[in-house]
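Each reported figure results from applying straightforward, stated rules to the coordinates on display, with no laboratory input. Keep in mind that this is a model prediction, so the values were computed, not measured. Reconstructed Cβ throughout: ideal geometry from the backbone, glycine too, with neighbour counts over all protein chains shown.
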Amino acid sequence: MLTLKDPTGLAKAVVALLAGNILFDVLLGLFEVRWLMADAMPYTFDPAVFGSVDLNVTYSMSFTLFAATVVVFVVWFHRLRTNAGVWAGDLRGRKPGWAVGGWFVPIGNLWIPRGIAVDIWRASRRQPYAADGGQGPALLNAWWAFWVADWVVGRLSGQLYKHADTQEAYDSAAVRSLVSHAVNLVAAVLAILVVRRLTSMQRAKATGMIPAAQ
């Protein structure tokens, strides 16, 4: 039998980790700007440009933080999906395992988790089976749009870096990488709002303190 589990602690951890990712996006974006201004090859260290900053350590810390964010976010997402099954078992489009596995399906991860998130949102409302009124979860959709955009732009800039062999090509890749950092930053901010909103909806519905947000 499914039972409700409080997602508040996990939500706080996810928000803190996402905030850390935002700080690294700003820092790495500044690195890209310095490379462009100094006309230097990206991902190379020049003391005249970066001073005492250790780029290898910075990128390692960024990747470690990102990996930790993925793990905690997916655990939080799965918990919300499990709770959604308690309130509206027949509303769900996919089983709880997809709340984890859906993120790691190539190409499919561009729409599978979003569908699960919509089911979570609907089940967490005061009236799970009520019509959306033509509005739907606008915040969730905005977050997902930026997440997909970041996925596309990030891979494009990565390919450009991979095949760059001139300063002009590196500069072009760096500009697109800057765009990727900016889009990722917005996506992270929206993700924080989504995490807080869905967690608040579920906590309110579980405790009965106030009607869950529509």
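Of the peptides 79-86, 56-63, the order by per-residue mean of other Cβ atoms within 10 Å, starting with the highest, comes out as 79-86, 56-63.
Length gained on full extension, Leu27 to Val105: 25.1 nm, using 0.36 nm per residue less the C-alpha separation. Summary of the geometry: region 64-110 and region 188-202, compared by the centres of their Cα atoms, lie 14 Å apart. Stretching Phe66 away from Val175 to a fully extended chain increases their span by 37.1 nm, per 0.36 nm per residue minus the current alpha-carbon distance.
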